[in-house]
Every structure is written in C-alpha cells, then in structure tokens.
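Written out below as structure tokens is the structure these notes cover.
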Amino acid sequence: MNALLIENFIEKITDGNKGQCERFYETFAARGFMLECDRHSEYVRLAEDSHREDGEFLEALQRIDYKKIYDKPHQDAIDEHDNRDCPQNRHHYFNDIDIQSFDIHNRHYLAELFTHEIPVDLFRLNWERDRYGKFEAFKACNRLPAVRVYDLEPFIARLVKSISSLGISTWSSCEGHWGEPAYIVFDGRYHWLWFQAIFNKYITKKLNLVCTWDWLGWDERCIIRHPRGNLLELYLEIQEVARLLYDNKILLRSIKREGCDLLTHKHKDMNQKEVLNTFEGYFAGSIAKGM
C-alpha cells in the first residue's frame, strides 16, 4: 500500500486534527475498531459489540512491528462462542484504552497500521456460516457473532464491522489490490439483498456517493469502485458509508427485525428481483412510519 495514500487518508479522516484523543479515535475507528469516546475527558474504550479478541489485537498494535509478535492464523468462520457474554475474560481495553501508548503521529507507524493484506489461502468456511445464509436463519437472527478486526483488511474493515452490526453476514471481503476494486461477499442471497435494499432506500438518500456499487448475483457480491480509479476517494467513501451504518445501527436493526417478522415461506420461492422488491418495500414502509 502506498505510504503517501495512507498519509493523505489519515489527514482526511482526522481533518488534520493533531489532538491525541480525536486522532486516535478517528484513526482506529477507520481501521475497523468499534470505539466509544468521551472527547471532553479523552476517555476511549472498545464498544460492547467488539469481538472479544479485538482488545488483544489493539494492544499488539502499540508496536510498529506488530506483525512479528501477533501472528494468529486468520479465519473466515463464525464462532458461536463470540456471542457469549464473558466480562471476566474481556480485555481491559473494554473499560479504558491507554491512547498515549500509540504512536499515531508517526507516518511510518501509520503506514504499517494500514498495510495488512489477509492471505486468502487461509480463509475457511464453516458449517455455521453456511447455516447463517439460509432463509430461516436470516429471518430469525438480528445479531451475529462479532467479527475480528484481525481478519479484515484495513480499508474495508470498518464497513464489514458496521454491516455485521446490523445482523448482515459477510465473508471474504477485500479492500482491492493491484488496481482491482474493493468488494464484499455476503452469506447467501437474503443478506446480500437486504443490504442492497438498505443501500437503495437509505444510504443513497443520506449520502452523495461518487463510487459505483455493483451487485453481482451469481456470488452474492457487492463490488465498489471509483469511476476514475481514485483509491483515496474510494476508501473515504467506504468510511462514510460505514460510519452512517454504525451510527444508525439501532434503527437499522429494528427495521430488519420488523421486516423479517413479515417474511413467510412463500418468499423462499421468489426470484432475486422479487425478494429485493419485497425488502425495499418493507424498508421504505418502516422509514415512512418514522422508525
């Protein structure tokens, strides 16, 4: 990843702010960590919907050579244990993060922080993930096990975490390499079509998007590309969409819960266009009711 691109990206998302608290929050939220921040007291902590191992990874990121000391195998599997509430085993960063321990004004450190390509050959698909893509599981589940930041590439991580927080399951997402676009792959057509409904009926109404978001039905994938190949603008737009989703996750979860309650087995026999129209109708109806 180009170091100058990363430097410009950080300056954009932090709006040039040099304060430790604000700069830390914006930088690591952009890296995919779900954070809560009191800017007055400069108190920052991991949000409750973070993966239980995110604190451990975040602590490793205090060092510029974190890749040498934190080398767990990557996985693309759903772990039911990640839904269990076990505060006694939580990292202390769920209570308070020592933000002074992070060298966020060092351009070389930031370049390392945002250069982390996930090896595709280590991706693993498990039976739990396959189950989450089925109609019954989609209809019943509004919350998913948390996703590890460690298993996500830096410039797509925040979007993946935000989408997951809405009860939409994804896997094998990519920030884009060697001129290729970024993309997200969804677990089955129901997750893919529900996110497409959110995009069409909510995201495009709230944001002035410049990138193209293409929907490939053959593998339930959304491809994101900038029309002029501008990676900086691409990654900034991905951040903007991710922030919108996460900041409104309570509303969007509620709409999904209400819409799923209306689904019946007749929807299993519908084609993709019919399901999308149904989802968009549910979504537009909920928004019209003022949810």
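The values are calculated or read from the model by the stated rules, or taken from the named source; none is laboratory data. On a predicted model such as this, the values are computed, not experimentally measured, just so you know. When we count neighbours, we look across all protein chains shown, and the Cβ atoms used for this are built from the backbone with ideal geometry, even at glycine. SASA here: full protein model, heavy atoms, side chains in, ligands and nucleic acids out. Shrake-Rupley method; radii C 1.70, N 1.55, O 1.52, S 1.80 Å.
Annotations
- Averaging 1/r over every pair of different alpha carbons in region 106-240 and inverting the result gives a Kirkwood radius of 15.7 Å.
- Evaluated at q = 0.15, 0.16, 0.21 Å⁻¹: base-10 log I(q)/I(0), Debye formula over Cα of region 179-291: -0.69, -0.78, -1.24
- Fully extending the segment from D96 to L209 would add 37.2 nm, taking 0.36 nm per residue of separation and subtracting the current Cα-Cα distance.
- Computed from the alpha carbon positions, the gyration tensor of the chain leads to an equivalent ellipsoid with semi-axes of 31, 21, 19 Å, biggest first.
- All-pairs Cα distance distribution in region 238-280, expressed in whole percent, bin size 5 Å: 5, 19, 21, 17, 17, 14, 7, 1
- Rounded to the nearest 500, the 222 nm mean residue ellipticity of the chain from helices alone is -12000 deg cm²/dmol, with -39,500 (n - 2.57) taken per DSSP H run of at least 4 residues.
- Value of relative contact order over region 1-49, rounded to a whole percent, pairs C-alpha under 8 Å and six or more apart: 24
- Among S169, S101, the sequence by solvent-accessible area, most first, with a 1.4 Å probe is S101, S169.
- Charged side chains reduced to their Cβ positions (Lys and Arg at +1, Asp and Glu at -1) give the chain a dipole of some 920 debye around its Cα centre.
- Extension gain, H40 back to N106 (0.36 nm per residue minus Cα-Cα distance, nm): 21.3 nm
- Simple label model, 7 Å out from Cα along Cβ direction - A288 to R253, nm: 2.7
- Treating each Cα of region 186-245 as one equal point scatterer and applying the Debye formula with no solvent, the log10 of I(q)/I(0) at q = 0.12, 0.14, 0.15 Å⁻¹ comes out as -0.29, -0.39, -0.45.
- For the residue pairs K18/K256; K12/K289; K161/K205; K206/K266, the C-alpha atoms sit more than 29 angstrom apart in K18/K256; K12/K289; K206/K266.
- Excluding ligands, DNA and RNA, the accessible surface per residue across region 100-247 is 42 Å² with a 1.4 Å probe.
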